[in-house]
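What follows is a short report on a single structure.
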Amino acid sequence: MTSHQIRQAFLDFFRSKEHLIVHSAPLVAKNDPTLMFNNSGMAQFKDYFLGNGTPPSRRIADTQKCLRVSGKHNDLEDVGFDTYHHTMFEMLGNWSFGDYFKKEAIAWAWELLTEVYKLPKDRLYVSVFEGNASDGVPFDQEAWDLWKGIVGEDRIILGNKKDNFWEMGDTGPCGPCSEIHVDLRTPAEVAAVSGKSLVNNDHPQVVEIWNLVFMQFERKADGSLIPLPATHVDTGMGFERLCMAIQQKTSNYDTDVFQNTIQVLETLSGRKYGSGEEPFADIAMRVISDHIRAVAFAITDGQLPSNVKAGYVIRRILRRAVRYGYSYLGFQEPFFYKLVSVLSAQFKDVFPELTAQEEFVAKVILEEEKSFLRTLESGLKRLDTITTTLKTKGINTIPGDEVFELSDTFGFPVDLTALIAREKGLLVDEAGFQDALAEQKKRSRQDAAKEATDWIELREADGVEFLGYDFEETHSHIVKYRKVKTKTGEEYHIVLDRTPFYAEMGGQVGDTGVLVLKGDEREEREEGGRRITIVDTKKENDLFVHISRDKNLDDILQNAGIVTAKIDLNRREKIQANHSATHLMLSAMREVLGTHIGQKGSYLNDEVLRFDFSHFTKVTDEELAKIEDRVNEKIRDNIALDERRNVPIQQALDAGATATFGEKYGDFVRLIIFDPTYSFELCGGTHVPSTGKIGVFKFISEGSVSAGVRRVEAVTGEKALELLRDQEAVLTKIKELLKSPTDLVKAVESLLDERSNLQKKITFLENEKIQSLKTSLVANMEKHKTFNLIVEKVQVPSADSLKQLSYELRDQIENLIAVFGAEIGGKPQLSVFIAENIVQETGLNAGKIVKELAQEIRGGGGGQPFFATAGGSDASGLDNALAKAKGLF
């Protein structure tokens, strides 16, 4: 069977068992603060297990894109070195939400594996949870008895908490599980050693393929377990491993899941996979063929490479692939992006979202490759300098701070540094690197992690009913709350059974407002009662969480009856105007710039709208003006909102609705239409009843966010009028200052020309001064045996002049070391220059020296090993700094 047939057989099998087949959720986790990426098939269904939402069916099956490269589930460093670990992988799963349980899950798993896929029964082993006394969970006798009736006791293995009790995180739904393992060894190997003894022992040919999790408990923040309201089934089968077993391969990478990509790499590199001639070339091909899937699908689902959080993870995966190609396959030019088309063709019927964005994804990867290849070359040169210097000194270990500099400054992976060091007969101070990394994390840490208590349940509720599309206030019950400690104090998170408050999602900020707790009849008449201020509303899985920073709410919340939930309507209306304007703007962009324009991110509140979109060139002023004019035309047309709810998603897409890739949509969606021939989008946000309510639309900025992604910001309504008034006031003031010239533009141009001429004269005079200063410095230079030293306090007009002075002296004097101090604009400045040949021969580092000298002026600085600068706040320390410098050489 081909991989496509294997996947389809799974879905067809569970469709025959009355399961609803759903599409994969995006790879990037949405509205779940506990996850960066969806790392299992159950992630998108977590709230159904907790009873916070109602699933579209009590039986569901799918294939889910998963990524395991961070946190508890992290397989990154294993990828490529073994045959069965991956970053991004597909997880085939079937779920029961309070419907069937262990009996059906076990029987169907066995039926599918042995009767549909025809895996040999004598090669399969199963495991059962042995129990755990500390958690108070007994041996899973029910699962044991069920399996014993199918496979016999000789093929059942007892598993401990680590192997057979499944938890996705520190808190949340969990339960005992039964794993199914397959023995893929040769008959001779099977005869020699029982496969039962190799289960869960990291044998590459005796691997787990399916995990049947029986969700029975919820793990609380204090570590305790409580029973879930209903029992559920959550299964996950590794698609790639299943293909290896069915296609009778010894490696996941030998299956047709990866071979298309590997064959392209063979053609591009001229190397043959599996030849055994270059073992690291095989590892490189496995790494690259795996990593392209993670990177491409993450970008498709909305996560661009960056330097923070999830974006940093994707950038790290991408760079890991590129450096393997560079080091072991001889790729000196970008190659990684060429694999996107291979992936797109392979998955067009499974994950068509990649095909729809193929060109965009390839271009983003190409720009990332170009950037890193430049960095990689620079890093290799720097590493060569370091290793040469160390060998000259007879040192065999690269210091940790140097390793950190390569990583932090050049984006150079520490494992690549270690690899090249080994090739040169050197070691790496890994402990020192970790110390430097820890210090950087300590410096850059911003907000302490939130510390939350468990939810305090006040009453049962069948999920949360959002009524904010139709009502600005509702009478509601408080379902539960929790206290959360933050860096700035304490917050209360409150969940209502029904709410008009929109929770932050889809780029739209959450509502603010109040909860009014009603009192006696007099207070009711006077709109009285205690008011709880809501400062934000967030969505956590399927819960709408109302956030208050009011103090001491426990007694009030626990004794509250019905509360009146009221949004800040004035703020909401401004947010709605910005959201509707965003829809009009996207349509105008597609008219003016092209239909390739796609949303890559947005943020809108009551002040401003910000919109990220796929485009590879700057949007010109003329294009912005056309887009702006088109949006304002639609505002003047006062188009009434056509809102349609609970539309089947395929029906909406077939009708031409615009969807945002990377967003999680259900089987039924909401349509926002401002003229079906103009703006027709899937959207869950709130909107104006007609476009005239927006008032006016005005751009305030346009720029680049990352490779292939641009950003615009705009304002509407009152904010747009404020902007226009402010601009008019500035023009009026300029006219007054220039004595009301007839032609304001020409008057300003004349001033700029005059300024330019004066600047040229200043530059000429400063240069003359530097030339005169150079003569004096050369005359006072100290000549040493191996170098020439200048340490002086100088008068220069700018910090750039210190660099100019140092570089001009370098061209005039061999073996120069120059340390200068200056007071510029009342602030002390230092510079250190060391000739590059001295740096290579002695290991002296200008950056480290200037940091030490900067202590005397109460400042800091840094730079390259041959030139560095520092600034400070105490000019009286300059003389001490220069005296200290003389003592260093």
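The values are calculated or read from the model by the stated rules, or taken from the named source; none is laboratory data. Not measured: the values here are computed from a predicted model. Glycine also receives a Cβ, built like all others from the backbone with ideal geometry; neighbour counts cover every protein chain displayed.
Could you tell me which of the residues His579, His596 is outside any helix (DSSP H, G or I) and in contact with a His (Cβ under 9 Å, 6 or more places away or on another chain)? Residue meeting the stated conditions: His596.
Asp282 meets all of the listed conditions (1) part of a helix (DSSP H, G or I); (2) more than 21 Å from Ala109 (Cα to Cα); (3) touching a helix residue (DSSP H, G or I) at 6+ places or on another chain (Cβ under 8 Å) but one, namely (3).
Those residues that are over 30 Å from Gly887 (Cα atoms), of a type in the set (Lys, Arg) and in a helix (DSSP H, G or I), I need them from segment 728-781; list them, please. I'd like the intermediate steps shown before the answer.
Taking segment 728-781 first, the residues over 30 Å from Gly887 (Cα atoms) are 728-768.
If we keep only those that are of a type in the set (Lys, Arg) as well, we get 733, 735, 739, 746, 755, 760-761.
Matches in segment 728-781: Lys733, Lys735, Lys746, Arg755, Lys760, Lys761.
For segment 338-381, what are the residues that are outside any helix (DSSP H, G or I) and closer than 15 Å to Leu304 by Cβ? So that I can check it myself, show each step before the final result.
Initial filter on segment 338-381 (outside any helix (DSSP H, G or I)): 348-351, 357.
Within segment 338-381, just Gln357 meets the criteria.
Residue by residue through segment 585-643, note down the ones that are polar (S, T, N, Q) and at negative phi. Talk me through it step by step, then tell me what you get.
Initial filter on segment 585-643 (polar (S, T, N, Q)): 587, 595, 599, 602, 605, 614, 617, 620, 632, 638.
Answer for segment 585-643, where residues must be polar (S, T, N, Q) and at negative phi: Ser587, Thr595, Gln599, Ser602, Asn605, Ser614, Thr617, Thr620, Asn632.
Do we find a residue being modelled with pLDDT under 90, touching a Leu at 6+ places or on another chain (Cβ under 9 Å) and either surrounded by 13 or more Cβ atoms within 10 Å (Cβ to Cβ) or assigned by TED's automatic domain parsing to the domain that holds Val715 (or both) anywhere in segment 758-772? So that I can check it myself, show each step before the final result.
First, pick out the residues of segment 758-772 that are modelled with pLDDT under 90: 759-772.
From what is left, the residues that are touching a Leu at 6+ places or on another chain (Cβ under 9 Å) are 770.
Next, only the ones that are either surrounded by 13 or more Cβ atoms within 10 Å (Cβ to Cβ) or assigned by TED's automatic domain parsing to the domain that holds Val715 (or both) stay: 770.
Yes, that holds for at least one residue.
For Gly825, the requirement of being small (Gly, Ala, Ser) and touching a residue at least 24 places away in the same chain (Cβ under 8 Å) is not met. Criterion applied to Asp290, Asp301, Asp234 was being among the charged types (D, E, K, R), under 20 Å from Pro334 (Cβ atoms), touching a residue at least 12 places away in the same chain (Cβ under 8 Å) and crowded, with 22+ Cβ neighbours inside 10 Å, and the one residue passing it is Asp290.
Got a number for residues in segment 319-338 being farther than 17 Å from Asp282 by Cα and crowded, with 20+ Cβ neighbours inside 10 Å? Give the derivation first.
Just the residues of segment 319-338 that are farther than 17 Å from Asp282 by Cα, to begin with: 319, 332-334, 337-338.
Still in the list and also crowded, with 20+ Cβ neighbours inside 10 Å: 319, 337.
Adding up the residues that qualify gives 2.
In segment 815-866, the qualifying residues are those that are within 19 Å of Pro797 (Cα to Cα) and in contact with a Phe, Trp or Tyr (Cβ under 9 Å, 6 or more places away or on another chain), and the one that is surrounded by the fewest Cβ atoms within 10 Å (Cβ to Cβ) is Phe833. Of all residues in segment 858-871, those that are touching a residue at least 12 places away in the same chain (Cβ under 8 Å) have Cβ atoms under 6 Å from Cβ atoms of residues that are of a type in the set (Ser, Thr, Tyr) and part of a loop (DSSP other than H, G, I, E, B), 6 or more apart or on another chain, in Arg858/Ser873. Being more than 14 Å from Gly561 (Cα to Cα), assigned to a strand (DSSP E or B) and either of a type in the set (A, V, I, L, M) or touching a helix residue (DSSP H, G or I) at 6+ places or on another chain (Cβ under 9 Å) (or both) is a property that Val484 has.
Every residue, every condition in (1) of a type in the set (A, V, I, L, M, F, W, C); (2) under 30 Å from Gly598 (Cβ atoms); (3) in contact (Cβ under 8 Å) with a residue 24 or more places away in the chain, yes or no:
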residue	(1), (2), (3)
Lys693	no, yes, yes
Arg710	no, yes, yes
Leu738	yes, no, no
Leu751	yes, no, no
Lys760	no, no, no
Glu766	no, no, yes
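Of everything in segment 494-508 that is surrounded by 20 or more Cβ atoms within 10 Å (Cβ to Cβ) and touching a Leu at 6+ places or on another chain (Cβ under 9 Å), the residue that is nearest to Lys538 (Cα to Cα) is Ala503.
Annotation note: of Lys309, Lys338, the sole residue that is at positive phi and touching a residue at least 60 places away in the same chain (Cβ under 8 Å) is Lys309.
Residues are listed down the side, and each one gets a yes or a no for (1) at pLDDT below 95; (2) over 16 Å from Asn638 (Cβ atoms):
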{"position": "Arg670", "(1), (2)": "yes, yes"}
{"position": "Thr677", "(1), (2)": "yes, yes"}
{"position": "Glu681", "(1), (2)": "yes, yes"}
{"position": "Gly695", "(1), (2)": "no, no"}
{"position": "Lys698", "(1), (2)": "no, yes"}
{"position": "Val705", "(1), (2)": "yes, yes"}
{"position": "Arg710", "(1), (2)": "yes, yes"}
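Quick check on my filter: what residues within segment 457-472 are among the small types (Gly, Ala, Ser), within 18 Å of Asn646 (Cβ to Cβ) and more than 31 Å from the chain's Cα centre (by Cα)? It would help to see each step written out before you state the result.
To start, the set of residues in segment 457-472 that are among the small types (Gly, Ala, Ser) comprises 461, 463, 468.
Applying the additional criterion that residues be within 18 Å of Asn646 (Cβ to Cβ) yields 463, 468.
Residues satisfying the conditions do not exist here.
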